[in-house]
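What follows is a single structure, written as structure tokens, with notes after it.
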Amino acid sequence: MKKKIIFTTPIYHNMNNIFLSILLFTLSLFSFSAYTNINHYNPLFKSQNIFDQHTYSNYLVISTNHLHLDLIVNFENNTITGVARHQMSKSNTSKAIFDIKNLNIQKITLGKEIEIETTFTIGKNDKIKGAPLIVNIKPGTEYINIYYQTNKENEALDWLEPELTAGKKYPYLYTQGQAILTRSWIPVQDTPMNRITYSADIKVPKNLLALMSAENPKEKNPNGKYHFEMKQAIPSYLIALVVGDIKYTPLGKFSGVYSEPELSKQCKYEFVDIPKMIKTAENLYGNYQWDQFDIVILPYSFPFGGMENPRLTFANPTLIAGDRSSISVIAHELAHSWSGNLVTNATWNDFWLNEGFTVYFENRIMEAMYGKEIADINAVIEFQDLLTSIEDIEKSEHPEDSRLKLELDNRDPDDGMTDIAYVKGAFFLRTLESIAGRNKFDKFLQGYFNSYAFKTITTESFIQYLNKNLLEPNKITFNTNEWIYGKGLPENCIKINSKRLNKMENWAQEINSGGKVFKNKKIKRSDFVTQEWLVFIRKLSSELNIKTLNQIDVQLKFSSKANDAIKSQWFILNVNAGNKKIRPYLEKYLIKIGRRWYIESIYKSLMESRLIDDQKFAKETFNKAKKGYHYISKNTIEKIVN
Ligand code: BES
Ligand code: ZN
């Protein structure tokens, strides 16, 4: 809160000297070269105030270096109780400010061997950011121990009854920290601008295994106690925990899958390519820095396809499609081990630096592993998504959200999770690559990952780095500012084409204009890959008559037998077309699956449907389904159906 005042009002001369020098020193640590930036194009650049708007913490004055967690996970009352022990940087300040959201703070002590209780205050609660926890300390204080308990209001923790797991015998818990939810299960300085190492002692029920984004056990400990170490410094949003009836299946020397035992065999088949994928990624942009790359398959309520928690990617069970069609999600999360986890967006306004680079890198991994045709298929689909998103954003109350550099002050950082960061970001890099040439571009990216490893970076520092290391030395002029600070898509965006997808589009067009549905009666779902079906379905018109749709469904069994990605697309089309026949399948789907991007558009279609009772169906289904959704999906869907 303090720092906000510092930056938004021009009263530097009012600050005392000590504070000023600490501030300047810290600024230099964050390589605030951005302060002398180049940008005149950007109307948003009011004042180059680069600090994280989404934290209350005074991390520029005093910051956590190491965090030790002493926690008990209790499935009887669904709470976590314990202590967050912060080892702080040296500072002369008399207040340390942390972020909390819906946490019960029991007491706070100072010191390591001897702990002395101290006083604290909690500021006003904000719906998005939570509240500042202001701890009174002595100048020079190194250890701050916060005793706390989570409560029912929690947004990061997903507590699942046994019936919502694969085995249906044991309860399950996982956390989701990104973007600013860590503060709802740990009192922390919840900003990506500060990196910390962490360790933890976690006690869980005896028959369950605990895992973290850290060095992990390979099997259960009969006493339910687990110790964790994360020795590389990470931003707080990457602290993660999962507890359940979980078994390890190794895939390679440094990689494997954790899952409920029921799923081990399927996982082994689905993710067999992971060890090779790690090598492929290393060949592109340098060594994997996190020693181990495991994934854990969570229950269906998990709101994302994947989440790049270091050493332990969290993955959605919809990835077990039976046909390895979702392997690009793993490529994506693996790519985050460089873009995001190694080089981290400084603020959530710079989110595209995490996701745009990752989508680009993901596609390079896919190309190296499965060939250009497959990589292009993925890129074309993403591009279609991007065009739709840009249209939607233009019509929305925030048309400025189609800029790569976002302005999310006073908004939920979750609003930035759109195809702009992901796909416009990736196409910015692809366009640059096409101009610089792949060799030069790869060298540039390798240099970038090296220079900024274990650091955070702002968009502005990136632009400087780009100018200095790619554009100027190669005498390239490029409309970087238009890409980053302009709305929509610049003209020079490269075009990617896929013959295989064109074929699917043409087939759909033929059907739309009244042509015969199947010229070849023998066509089966297995004749095309998932991505081809997605394009076929999305190009079918919602004006098609219902008989035709049902004819397709009878032959290809989209509603009943297809994987969850295809089903989602198929249900959207059928809802838009007013086809009630899919409802029983759709209801089952919405109750089972919590992956936000799969269910969000279905609910939207239902609410805008031409069938009046679709709205009622959406609301009723949501009420039945919501206990199987994580807060993130619940929150999104709630806004849609109400
Ligand atoms: N880090 C994201 C998920 C995320 C972003 C969580 C912002 C919370 C806030 C993850 O890497 C991701 O992008 N997941 C995608 C994968 C897809 C693009 C391959 C998903 O879940 O769909
Ligand atoms: Zn991502």
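Cα centroids of the stretch 317-340 and the stretch 468-494: how far apart, whole angstrom? Using only Cα atoms, the two centres lie 29 Å from each other. Using bins of 5 Å that start at zero, the share of Cα-Cα pairs per bin across the stretch 499-641 amounts to 2, 10, 20, 22, 19, 13, 8, 5, 1, 0, in whole %.
Rounded to two decimal places and with Rh computed the Kirkwood way over Cα pairs, what is Rg over Rh for the stretch 343-485? Don't jump to the answer; show the numbers that get you there.
On the way: Rg = 15.1 Å, Rh = 15.7 Å.
Looking at the stretch 343-485, the ratio lands at 0.96.
Think of it as helices only: each DSSP H run of n ≥ 4 in the chain is worth -39500 (n - 2.57), and spread over all residues that comes to -11000 deg cm²/dmol at 222 nm. The ellipsoid equivalent to the alpha-carbon distribution of the chain has semi-axes of 40, 31, 23 angstrom, derived from the gyration tensor eigenvalues as √(5λ) and listed largest first. Of all GluC sites (Glu not before Pro) in the stretch 574-642, which ones are in loop regions per DSSP and have a Cβ with at most 14 other Cβ atoms within 10 Å? Passing both the DSSP loop test and the Cβ count: Glu608.
List the residues whose amide H sits under 5 Å from the amide H of Lys455, counting only those 5 or more places along or on another chain, with H placed 1.01 Å from N in the peptide plane. Under 5 Å from the amide H of Lys455 lie the amide H atoms of Thr344, each far enough along the sequence or on another chain.
Dividing the convex hull volume of the alpha carbon atoms of the stretch 15-335 by its residue count gives 162 Å³ per residue. Rolling a 1.4 angstrom probe over the stretch 361-470 with all protein chains present gives an accessible area of which 46% lies on carbon and sulfur atoms. Simple spin-label estimate for Asn623 and Val529 gives 4.4 nm between the two label positions (7 Å along the Cα-to-Cβ direction from each Cα).
For the residue pairs Lys129/Lys634; Lys95/Lys203; Lys268/Lys503; Lys169/Lys225; Lys567/Lys639, the alpha carbons lie more than 25 Å apart in Lys95/Lys203; Lys268/Lys503.
Spin-label pair Glu608-Asn287: with each label point 7 Å from Cα along the Cα-Cβ axis, the two points sit 5.0 nm from one another.
The HN-Hα couplings worked out from phi for the stretch 200-209 by the Karplus form 6.51 cos²θ - 1.76 cosθ + 1.60 (θ = phi - 60°) are 7, 10, 10, 10, 10, x, 4, 8, 10, 9 Hz, whole numbers, x standing for Gly and Pro.
The alpha carbon centroids of the stretch 147-198 and the stretch 358-382 are separated by 32 Å.
Our coupling estimate for the stretch 538-555, obtained by passing each phi through the Karplus curve with A = 6.51, B = -1.76, C = 1.60 and θ = phi - 60°, is 5, 8, 6, 7, 6, 8, 4, 6, 5, 4, 4, 4, 5, 4, 4, 5, 4, 6 Hz, Gly and Pro reported as x. In this structure the amide hydrogen of Tyr258, modeled in the peptide plane, comes within under 5 Å of the amide hydrogens of Thr249, Ile295, Val296, Ile297, none closer than 5 places in sequence on its chain. Each label point was placed 7 Å from the Cα along the Cα-to-Cβ direction; for Asn497 and Asn635 their separation is 4.4 nm. Close amide-amide hydrogen proximity is noted between Tyr198 and Leu67, Met230, each under 5 Å apart and 5 or more residues distant or on a separate chain (H modeled in the peptide plane; Pro and chain starts excluded).
Keeping every protein chain present and rolling a 1.4 Å probe, give me the accessible area per residue for the stretch 491-641 in Å².
Numbers: 7560 Å² over 151 residues.
Averaged over the residues of the stretch 491-641, the accessible area is 50 Å².
The values are calculated or read from the model by the stated rules, or taken from the named source; none is laboratory data. A quick note: this is a predicted structure, and the numbers were derived from the prediction, not measured. Neighbour counts run over all protein chains shown; Cβ positions are idealised from the backbone, glycine included. Surface accessibility is based on the protein's heavy atoms, side chains included, excluding ligands, DNA and RNA. Shrake-Rupley method; radii C 1.70, N 1.55, O 1.52, S 1.80 Å.
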